[in-house]
Each structure stands twice: as structure tokens, then as C-alpha cells.
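Notes follow the structure.
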Amino acid sequence: MKGMTIIVKNISSFVKVLIFLFGIYIILFGHLTPGGGFAGGVIVASSYVLLMLAYGREFAEENLSLPTTSRLDCVGALLFAAIALFGLFYGATGFFWNFIHQKELWGQPLKLLSAGTIPLSNISIGIKVGSSLFLVILILSSFRLETSASEKE
Amino acid sequence: MTIPLPVFVAVPLVTAFLLPLFGKKGKAAATVLANLATLLLLVSAITLIGQSRAYEMGKWSIPLGINLVLDGLSCLLLLAISVVSCAAMLFSVRYMERYTAKSKYLSLFMLMVAGMNGVVLSGDIFNLFVFLEIASLSSYALVGFGCEHEELEASFKYMVLGSIASSFVLFGVALVYGNTGSLNMAYISQAISRTGITTGLGFALGLFVTGFGLKAALVPFHAWLPDAHPSAPAPISAMLSGVLIKALGVYALCRMVFNVFGVTVPIGWVLMVLGLLSMVGGAFLALGQWDIKRLMAYSSISQIGYVVLGIGLGGLILANDGNVAWASLAILGGLFHLVNHAVYKSLLFLTSGSLEMSTGTRELKQMGGLAEKMPVTRTTATIASASIAGIPPFSGFWSKLILVIAAVQASFYWVAAVIVFVSLCTLIMYLKVQRYAFLGELPENLQEVKENKGTMAIAMVSLACLCVLMGLLLIPSLRESILEPAVTVLTDGMRYSTNIINM
Amino acid sequence: MPYALCFLLFMIGLYCAVVKKNMVKIVIGILIMEYAVNLFLIMLGFRWGGRAPIVTAEDISGGSLSKLFINSSVDPLPQALVLTAIVISLGSLALMISICIRTYERYGTFDITQIRRLKG
Amino acid sequence: MAIFCTLLVFIIIAAFIAVETKKLLSAVICIGAIGFGASIMFLFLWAPDIAITQIVVEVLGLIILIRATISRDRTFIAGDREFFGMIVSLVIILVIAVAGVSVFPETLPDFGTPVFTETSNSASQTYIEEGLEKTGAANLVASVILDFRAYDTLGEATVLFTTIIGATVILRKKTKKLLEEPDL
């Protein structure tokens with residue numbers, strides 16, 4: 001899979017950045033506007049998928065290789081679990097206790113910095129969902145390449 | 001020190017997230033970490049015996065947040081899950097050497113444990129669905145772990161039926177929410193005791209029975225089990241047959257029927273009929289099998305039938321306002337059989353794995369005379385077979401005896417007769433295993449067979465010891481701390497909600 | 001009426017999953033069932049003349065939420081559940097498809113009547 | 001009401017075509033139609049979060065499905081499984097469908113009056129009234145999934161993690177290695 005024509009390549013290299021930024025926006029403002037970690041994560045993943053479809057798998061893997069994505073996946077999940085566990089140990093209160101908001105550490109409603117751990121959770125979920133969905137597509141496409149190569153032989 | 005309940009989900013989850021990070025070089029470290037995690041879970045589960053409490057996630061009081069509930073029934077299931085997962089994990093240390101991607105296997109294993117722990121601890125029906133999905137999805141992947149023809153086919157079949165079951169459960173959750181406006185089990189139960197089971201709720205209950213029945217492989221819904229359980233690697237077969245069908249199927253069914261909807265006469269009959277069908281059907285289908293793991297899988301269906309029969313009988317007596325002592329005896333028999341079955345069926349699958357690993361085949365006809373070559377496997381398999389067939393000093397005998405007594409007391413004489421008859425069938429099928437695998441003449445190609453030593457032997461021997469000692473659970477002091485609280489949870493029925501809300 | 005139509009959609013999915021013999025068709029059937037459940041859950045929270053459950057600056061007057069918002073916001077709980085359910089269905093779709101294409105590689109077909117190595 | 005019924009009928013027609021069409025690719029495209037119909041429906045039902053998520057998930061899901069089907073439907077596999085089993089399952093499905101369709105409108109609250117308005121001090125009422133104050137998030141859906149019911153979300157993230165590990169395991173190249181004498 002060597003990718004598509006030059007028109008597609010040029011446009012998608014431009015659009016990819018926009019999609020990526022839009023995904024980041026959706027993740028960061030998830031507690032104020034519609035969206036959130038899941039939708040944003042999927043959008044970020046789709047920006048890389050676009051790159052992969054336009055340029056071919058090798059190019060996308062140069063940007064974000066398979067082991068790195070796999071590690072990001074674990075790290076995102078661990079971050080979310082860490083937020084949960086931090087609530088458990090912060091003053092020995094509760095699993096998933098929103099320790100920032102409840103202690104009124106920072107932020108006021110309707111501002112970007114508000115809602116305590118919710119934006120942090122959104123970010124960690126965004127990392128997790130984005131990397132894992134890109135990983136799925138990567139694995140599926142690389143498997144296809146191998147089988148078609150073996151069929152030719 | 002009291003252990004916070006989220007630990008039972010958080011420890012396996014964090015371990016599962018960490019394990020893939022080790023990669024190829026840290027395989028030994030990953031194995032040690034996974035074993036430590038299961039051991040830690042076992043120790044913490046033992047400290048929970050006799051306790052009952054609730055834990056509110058994120059400090060949100062119910063119904064705002066999700067609560068975890070620990071009572072006798074969940075404690076019993078937690079113990080069973082921890083014991084079996086500890087043994088299976090120990091067994092897989094060496095057994096899984098012949099597959100690649102071991103750290104991913106360990107990660108999936110821990111995810112399955114986390115899912116089951118989440119299901120038995122959850123006090124919220126949607127949360128129960130989410131953890132049910134975690135446990136099911138990891139088991140679909142584990143069934144197909146070998147990626148051979150049969151394994152993929154079994155995995156696909158299992159996955160389709162399992163996904164249909166999950167959709168049914170989710171639709172049931174949606175219907176219950178639409179009718180009662182709550183997702184917390186205690187609040188739903190309160191709302192239902194106010195209104196009674198209306199037609200909409202009855203439909204939801206039907207969806208739940210179908211969904212969880214599919215997960216538990218009760219007879220009209222059993223099609224996936226005889227394919228899926230034999231295809232998985234042996235420690236996973238042990239987990240699936242030993243605890244997964246009980247945690248996702250029987251436990252969830254009991255919780256829904258007894259504590260959330262409240263047991264009625266029709267649903268008691270439904271459970272009893274499903275139990276009887278599974279008992280008889282599973283036993284007959286098992287008799288004709290020559291593949292050792294397939295035979296054991298069919299016998300799992302039959303044994304799950306005993307559990308559901310006992311619980312259904314108890315529910316029927318309760319719904320008829322019968323003698324509560326009889327009802328608790330029947331439920332005690334069912335739950336005791338559940339724990340026994342978890343131990344001896346997982347042991348049987350482990351021994352079958354040991355046989356398969358040494359001889360390279362699962363066909364009974366190609367084995368024979370292995371008694372001298374593989375003494376440890378032979379002894380443990382004999383103990384487990386005696387136990388499952390109900391030979392007196394071993395654990396299976398006691399639970400079947402209790403079930404028979406309960407059936408006779410409730411004057412269901414024909415049920416007692418069926419129990420004894422199926423027990424005889426079970427004896428015959430395990431005599432067949434003994435006869436063809438361990439006695440007789442040693443075939444030419446198996447002269448060089450070696451016994452499996454090390455961790456595999458330790459896992460089998462410790463489960464065999466448990467098998468012998470399980471009868472001790474009936475000693476009054478142990479019974480009062482482990483089995484009785486579980487029985488009380490079910491006989492209390494709808495009082496569950498007031499217990500939780502006042503907690 | 002919308003509830004009944006939703007249930008009909010669920011049943012179409014079930015029919016497809018039970019009766020068809022192409023593996024991808026079966027996966028599609030399960031996918032349709034999941035769509036139906038998601039739609040059903042969201043409908044349970046719908047309100048005539050409602051609004052999205054998102055507080056904007058106009059809804060806060062004098063430090064407290066306006067009655068208008070409280071009386072017209074739709075139910076946020078089913079939406080949260082559906083968000084979870086959508087991601088779960090995407091996950092199970094990915095796993096199912098990977099099992100499908102691995103099976104295709106082994107057997108060379110998607111026809112489950114030809115994928116019959118197991119006895120029964 | 002009319003708009004919802006129209007959209008639902010559109011979705012049902014798309015689903016029917018997806019089920020009955022012979023080409024896999026057309027079936028997959030019909031799934032796309034269902035997904036986008038559902039997304040529009042979510043918008044009309046005041047669920048913008050779900051609409052966004054549905055549409056992006058739909059795109060990725062379609063890519064996954066097309067990856068699976070493309071160049072693989074050489075043999076057209078139409079038709080159903082064996083006749084007898086099909087009749088039995090059809091009868092069962094029809095019975096459930098008739099039961100469900102007749103049961104639903106009676107027991108559920110009317111369309112457009114959600115259940116939380118009819119039950120006293122339900123969780124949803126509290127989320128709407130005090131969600132902003134209690135969690136600080138203006139998007140109440142975010143406050144429910146990431147604070148009140150964050151444990152569910154942990155489960156959901158775990159489900160994705162499980163499927164990734166599962167897919168890597170199922171699609172790995174070498175599955176078994178020869179067993180040399182291990183030293184354990």
C-alpha cells in the first residue's frame with residue numbers, strides 16, 4: 001500500500017493537522033461543551049488513520065510506531081487508574097473521589113480550569129482511546145498486508 | 001485493617017495495564033508479578049470472610065453514585081474466584097510456555113479476574129453489565145488464544161452468543177431504568193416491592209434470565225460451551241468452567257431473581273426446569289464423548305444444573321411461603337455445590353491439560369496405562385473424579401446429599417430420584433476417563449511420557465487437598481462464617497434493599 | 001410508538017445474527033442490536049420542549065441555576081450510559097472483526113456452514 | 001413525534017437492506033446509513049455528546065468493517081442456515097417481537113416524559129439541579145460519566161484495553177513455539 005495520489009496526500013497532510021487540533025479542543029473543553037475524552041480521542045485517532053490511508057502504513061508508523069502506541073495505550077489507562085487511586089489515598093477518602101473540586105483547590109464553574117479531576121480524566125481517556133483505536137486499525141491493516149503477501153507466494 | 005473494596009478491582013486492573021509494558025525481555029518478571037497479584041487477591045479475600053459492608057464510589061451516596069456491596073454471597077464467589085485463579089495462574093507458568101505472547105495472555109487473564117470481581121461486587125445493574133463485558137471480551141480472546149482452526153471457530157461461536165446475551169442484558173437494564181427510574185439494585189428492589197412485577201418488568205426479567213442463562217450455559221442455551229471450553233488453553237478452561245459461568249451466569253441470575261425482582265412461583269419453576277434440563281441433558285451428552293476436555297465441558301453443564309436446581313427449589317419453597325429452613329437447606333446445597341464444582345472441575349481441567357501436554361492428544365482412545373507414568377496427575381484426577389461423582393468422603397458427596405435431603409423434605413421425590421440418577425451417570429463417565437486414560441495398556445508411542453513437575457504439580461496438588469477438605473466447610477463454625485451468610489442473602493430476598501439503604 | 005419501532009430494530013438485528021450464515025452478516029446483526037439499545041436508552045431520557053443537559057452562562061442568574069433549565073433539561077443519566085455502551089460496542093466490533101479475518105485466513109471463507117471442524 | 005418515527009423507519013429500512021442484501025460491501029454501507037441516522041436522531045433527542053461520539057465512532061467502525069470485507073467477498077454467501085433451525089428461530093423471534101411490541105407502550109412512561117420526572121428524588125433530578133455545584137462541570141453528561149459514575153468509565157476504558165490486547169493476540173503471526181525443556 002503506497003498511498004494515494006498527490007492531491008489526496010497534500011490535502012490530507014493539511015487536514016490532518018486541523019482534525020488533530022479539533023480533537024485536542026474537544027478533549028480539553030469536554031467538561032464545558034459537548035464532547036469529551038471519548039469523542040476527542042476517536043477524532044485524534046482518525047487524524048492518524050487519515051494519514052495512514054493517504055500515505056500508506058509505513059509513513060504513519062514513522063510518525064507513531066506500533067510499540068509506542070501500545071505503550072501510550074497502557075499509560076493512558078494507568079493515568080486514569082492513578083486518578084482514581086489518588087482519590088483513594090488523598091486523605092484516605094474514596095476511590096474516584098474528585099479531590100481537586102471537593103477541596104476547592106482551583107477553578108470556578110464555566111471556566112476552562114474547573115471541575116477538578118474531570119478535565120484530567122478527559123485527557124487521560126483521550127490518550128487511551130486515541131492510541132487504542134489507532135492501534136486497532138494499524139493491527140488490522142498490517143495483518144491484511146501479510147496475508148496478501150503470503151497469498152502471492 | 002479493613003481492606004477497601006475497590007482493591008479487588010483495582011489490583012488486577014493495574015496489574016493488567018502494567019503487564020504489556022514488560023515486553024519480551026521481562027517475561028519472567030511479568031509472570032512473577034501476575035502470580036503475586038493473584039496471591040494478594042486470595043489473601044485479601046480470605047480476610048473478608050464474615051464481613052458485610054458497602055462502599056460508595058467517589059463518596060457519592062447512592063443513588064447518585066455507584067456502590068460496591070460485599071455480602072455473604074459475593075464473599076463466597078470472591079473466595080472461589082481467588083482460589084481458582086491462583087491455582088490456574090500457577091499452572092499457566094509452565095503450561096503457557098509453548099505459546100507466544102505470554103505477557104498478553106497474563107494481562108487478559110488479570111482482566112478476566114478483574115471483570116469477575118467487578119461483577120460479584122457491583123451493586124448497580126449498569127455497572128454489572130460493564131464488568132460482565134470486560135470478563136466476557138477477555139474470555140472470547142482467551143478461547144481463541146491458540147489461533148488454530150477449531151479454536152477460532154469456537155471463539156467466534158462463543159463471541160456471537162455472548163454478544164447476543166450482553167445485548168439482552170443491556171436491553172433489560174434499559175427497560176428496568178425506564179420502569180423504575182433507578183439503576184441501583186437496592187432502589188430498584190424498593191420500587192419493585194412497591195409496584196410488584198408489572199408486565200414491562202416481567203419482560204425485563206425474561207430478558208435477564210435469557211441473557212444470564214446464555215452466560216451460564218443452561219441447557220436450551222448451552223450450544224457454545226462444549227466448543228469454547230475445550231478449545232481454550234487448559235488453565236483458561238479451568239477458569240471458564242470453574243468460575244466464569246458461575247460469576248457471570250449463576251451469581252448474576254440469583255442476584256437479579258432473588259434480591260432485585262423478588263422470587264415468585266413461576267420464576268422458581270423456570271429455574272428448576274432449567275436446572276433439571278441442564279443436569280440430565282449435560283450428563284447424557286457427556287457419556288458419548290471421547291475427547292477428554294469435551295466430556296468435562298458437558299459434565300460442567302450437568303453440574304451447573306445441580307446448582308441452579310438447588311437454588312430454584314429454594315426459591316420455589318420461599319415463593320410458596322413454605323418452610324424457610326427447607327428453603328435455606330436447598331439453597332445451601334446449591335451454593336455448596338457451586339463452590340465444590342469450582343474446585344474439582346478446575347482441578348479436572350488442569351489434569352486434562354497436564355495429560356494433553358505430556359501425551360499430545362486429548363482423545364481417550366489414544367491414551368491408556370498412564371497411571372505409572374504420571375502418578376501426580378493420576379492421583380489428583382482420581383480425587384477430583386471421586387469428588388464429582390459423589391463418593392462419600394469427598395466434597396461432592398456432601399453437597400449432593402444436602403440437595404437430595406432438601407428435595408425429599410419438600411416432597412419433590414422425583415427430583416431427588418433424578419439427582420441420584422444423574423449422579424450415577426457422572427460416576428460412569430468418570431470411570432470411563434479413569435479406565436481409558438490411566439488403566440489398560442500403554443500405547444507404543446507414549447512410552448516416553450514424563451510427569452509434569454514444578455508449578456503445575458503444585459497447583460494440582462493444592463486443589464486436590466482442597467477437594468478433600470471441602471467437606472469440612474460443613475463444620476458449624478466454618479459453615480456459619482462462609483456458607484450461611486451467603487444463604488441468608490438469598491433467603492432474605494427483598495430485605496436486601498433495606499439492608500443496603502440503611503448501611 | 002418510537003419504543004416499539006426501536007424494539008423492532010432490535011429484533012431485526014437478532015434475526016440477522018441468528019439466521020444468516022455469513023460471519024460478517026452475523027457481526028452486522030449484533031451491531032444493529034446494539035444501535036437499537038442505544039436509541040432506546042436515549043429516548044427514555046427525552047423531554048418535549050427540552051434542551052441539552054449542558055449549563056451555559058445564561059442559565060445562571062444570581063449564582064443559582066434558572067428554573068427554566070431545571071424544568072427543561074433532558075435526562076443526563078441515559079446519555080452517560082449510552083456513551084459507555086457505544087464505546088463497548090466499538091470494542092466488541094473490533095474484536096469480532098479480528099476473529100473473523102483470522103478465521104478467513106485459516107478457512108478461506110466467511111461461510112459458517114463450511115467452518116465446521118468441531119463435532120456439534 | 002413524526003420526525004422521530006420517520007427517522008426510525010428510515011433506520012429500520014436501512015437495517016433491513018443491510019440484513020438482506022447479498023453484497024457485503026452494500027451491507028456495510030447500510031450500516032453506515034443506520035449509524036448516521038442514529039446520529040441525527042441523537043441530535044434531535046438533545047444528546048449532542050452522543051451525536052458527536054456516534055458519528056466519529058461510526059467512521060472508525062466503518063473503516064474497520066470495510067477492512068474486513070474488502071477483497072474478501074469473492075464468494076457470495078447469501079441465504080440462510082438450514083431450514084428447520086431457521087423456522088424455529090423465526091417463530092421464537094416473532095413471538096418475542098409481538099410480546100415486546102404489545103408490552104412496551106403500556107408499561108413505559110409516555111414518549112417525551114422521562115421517568116425521572118415521575119419518580120420522587122431520583123438521581124437524574126439531582127444531577128440536573130446540583131450537578132454543576134457538586135462537580136463544577138457545566139456539561140452534566142461529563143459530570144455524570146467522569147465523576148458520579150466514573151467507575152463505569154474505568155470499566156469502559158478497560159473494555160477498550162481488553163479488545164486491543166485481544167485483537168493483538170488473535171492477529172499475532174506466530175502462535176506456538178516448540179517446547180524445549182523448560183527449566184522450571
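The values are calculated or read from the model by the stated rules, or taken from the named source; none is laboratory data. Being a predicted model, the structure only gives us computed values, none of them experimental. Neighbour counts are summed over all protein chains in view; Cβ atoms, including those assigned to glycine, are modelled from backbone coordinates with ideal geometry.
Some points to look at:
- Segment D:94-141, residues that are free of Cβ contacts under 8 Å to residues at least 12 places away in the same chain, under 21 Å from B:L183 (Cβ atoms) and touching a His at 6+ places or on another chain (Cβ under 7 Å): D:A137
- Segment C:69-91, subset more than 7 Å from chain D (Cβ to nearest Cβ) and crowded, with 24+ Cβ neighbours inside 10 Å, residue nearest to A:S132 (Cα to Cα): C:S89
- The set of residues in segment B:35-46 being under 21 Å from the mean Cα position of the chain (by Cα) and either over 30 Å from B:E484 (Cα atoms) or not in a helix (DSSP H, G or I) (or both) consists of B:N35 alone.
- Residue list for segment C:6-46, filter: in contact (Cβ under 8 Å) with a residue 60 or more places away in the chain, among the β-branched types (V, I, T) and facing chain D (nearest Cβ under 7 Å): C:V24
- Tabulated pairs, segment B:47-73, first in contact (Cβ under 8 Å) with a residue 40 or more places away in the chain and closer than 17 Å to B:V7 by Cβ, second acidic (D, E) and assigned to a helix (DSSP H, G or I), C-beta under 7 angstrom, 6+ apart or interchain: B:I66/D:D152
- Matching entry among B:S155, B:S139, B:S189 (being facing chain D (nearest Cβ under 9 Å), part of a helix (DSSP H, G or I) and of a type in the set (S, T, N, Q)): B:S155
- Candidates B:K27, B:K104: the one that is over 25 Å from B:S497 (Cβ atoms), surrounded by 20 or more Cβ atoms within 10 Å (Cβ to Cβ) and charged (D, E, K, R) is B:K104.
- Checking B:V209 against (1) crowded, with 24+ Cβ neighbours inside 10 Å; (2) of a type outside the set (D, E); (3) closer than 25 Å to B:L76 by Cβ, the condition it does not meet: (1)
- Reported count of residues in segment A:68-89, each being more than 15 Å from D:A150 (Cβ to Cβ), more than 8 Å from chain B (Cβ to nearest Cβ) and free of Cβ contacts under 8 Å to residues at least 40 places away in the same chain, is 2.
- Every residue from segment D:141-167 that is of a type in the set (G, A, S), closer than 11 Å to C:T84 by Cα and more than 9 Å from chain B (Cβ to nearest Cβ): D:A157
- Among the candidates B:L41, B:L73, B:L48, residue that is in contact with a Ser or Thr (Cβ under 8 Å, 6 or more places away or on another chain) and at pLDDT 80 or above: B:L41
- Unmet criterion (only one of (1) on the phi < 0 side of the Ramachandran plot; (2) in a helix (DSSP H, G or I)) for B:I49: (2)
- Taking the conditions (1) modelled with pLDDT under 85; (2) under 19 Å from B:L68 (Cα atoms) in turn, B:L111 satisfies each one other than (1).
- For segment A:65-101, a tally of residues being at pLDDT 75 or above and assigned to a loop (DSSP other than H, G, I, E, B) returns 1.
- Some residue of segment B:8-23 being aromatic (F, W, Y), assigned to a loop (DSSP other than H, G, I, E, B) and within 11 Å of chain A (Cβ to nearest Cβ): yes
- Hey, B:G144 over 18 Å from B:M494 (Cα atoms) and more than 11 Å from chain D (Cβ to nearest Cβ) or not: no
- For segment D:26-46, the condition holds for at least one residue, the condition being that it is closer than 24 Å to C:L81 by Cβ and in contact with a strand residue (DSSP E or B) (Cβ under 8 Å, 6 or more places away or on another chain).
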